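Input: a single structure, listed below in structure tokens.
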Amino acid sequence: MHERAELSRRARRPKRLRLGAGVAVLLMLAGLAAAVVVALVQEGNHVSAVAPHNTSSTSIPSVIYVHVLGAVQSPGLYQLSEGARVMDAVAAAGGLTDAADDAAINLARFVTDGEQVRVPEVGEGTQQEGTDEQGRVNINTASAEQLEELPQIGPSLAAQIIAWRDDNGGFRSVDDLRNVSGIGEKTFAMIKDLVTI
């Protein structure tokens with residue numbers, strides 16, 4: 001009788017152990033599945049947070065400053081996007097006045113950072129685009145013909161100046177003329193006081 005009770009107790013014990021081991025395996029698998037889901041969700045959140053930042057940083061245009069004066073509604077210093085034209089600078093300044101001589105300026109010309117755009121009034125005629133009030137040639141806006149009026153500057157050298165200007169986004173200072181192929185120290189000395197930016 002005592003033996004039967006002992007055997008009966010032993011027979012029941014492995015079933016309990018097997019049931020406990022099965023539950024433990026199921027819990028472990030459920031934990032692993034939850035960890036994988038959490039990792040995937042966190043990775044997805046990381047990608048969506050980074051992508052917009054990268055996209056916005058590449059779409060920000062460069063900013064330039066242009067001084068607009070003369071026959072415009074609101075003369076002043078204006079912030080424009082790189083690649084803006086004279087017409088954009090004039091529009092930022094409120095547009096032309098009734099007295100403006102719009103035929104005296106090239107509205108389609110690109111403007112450069114730090115440039116001064118002056119809109120003349122009808123009849124002014126003394127100052128043409130590409131020069132300042134003192135008659136100095138603006139090396140950032142002058143035409144080839146205007147550049148050729150400078151001492152020692154012929155058609156070939158005028159083309160070199162314009163090519164350097166276009167390739168480098170304009171001249172930052174008169175001294176930048178020294179970087180133009182064909183302009184030596186003697187030529188620079190002759191023209192430096194006759195030009196401006």
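The values are calculated or read from the model by the stated rules, or taken from the named source; none is laboratory data. All figures in this text were calculated on a predicted structure; none of them were measured in a lab. Cβ sites come from the backbone with ideal geometry, for glycine too, and all protein chains shown count toward neighbours.
Within the range 71-85, how many residues turn out to be touching a Ser or Thr at 6+ places or on another chain (Cβ under 9 Å) and either surrounded by 12 or more Cβ atoms within 10 Å (Cβ to Cβ) or at pLDDT 95 or above (or both)? So that I can check it myself, show each step before the final result.
Pass one, the range 71-85, residues touching a Ser or Thr at 6+ places or on another chain (Cβ under 9 Å): 71-73, 81-83.
The next check asks that each one be either surrounded by 12 or more Cβ atoms within 10 Å (Cβ to Cβ) or at pLDDT 95 or above (or both); those that pass are 71-73, 82.
Within the range 71-85, residues that are touching a Ser or Thr at 6+ places or on another chain (Cβ under 9 Å) and either surrounded by 12 or more Cβ atoms within 10 Å (Cβ to Cβ) or at pLDDT 95 or above (or both) number 4.
I'd like to verify a number: residues in the range 164-197 that are outside any helix (DSSP H, G or I) and farther than 19 Å from Gly114 by Cα, how many?
Adding up the residues that qualify gives 5.
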Practice task
Please identify the pairs in which a residue from the range 82-110 that is assigned by TED's automatic domain parsing to the domain that holds Leu69 has its Cβ atom under 8 Å from the Cβ atom of a residue that is of a type in the set (S, T, N, Q) and crowded, with 19+ Cβ neighbours inside 10 Å, counting only partners at least 6 apart or on another chain.
Solution key: Arg109/Thr141
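Looking at the range 172-192, can you tell me whether even one residue there is of a type in the set (Val, Ile, Thr), within 15 Å of His67 (Cα to Cα) and either buried (at least 17 other Cβ atoms within 10 Å of the Cβ) or outside the structural domain of Leu69 (by TED's automatic domain parsing) (or both)? Reasoning before the result, please.
Our first condition is that a residue be of a type in the set (Val, Ile, Thr); within the range 172-192, this holds for 174, 180, 183, 187, 191.
Narrowing further to those that are within 15 Å of His67 (Cα to Cα): none.
Within the range 172-192, not a single residue is of a type in the set (Val, Ile, Thr), within 15 Å of His67 (Cα to Cα) and either buried (at least 17 other Cβ atoms within 10 Å of the Cβ) or outside the structural domain of Leu69 (by TED's automatic domain parsing) (or both).
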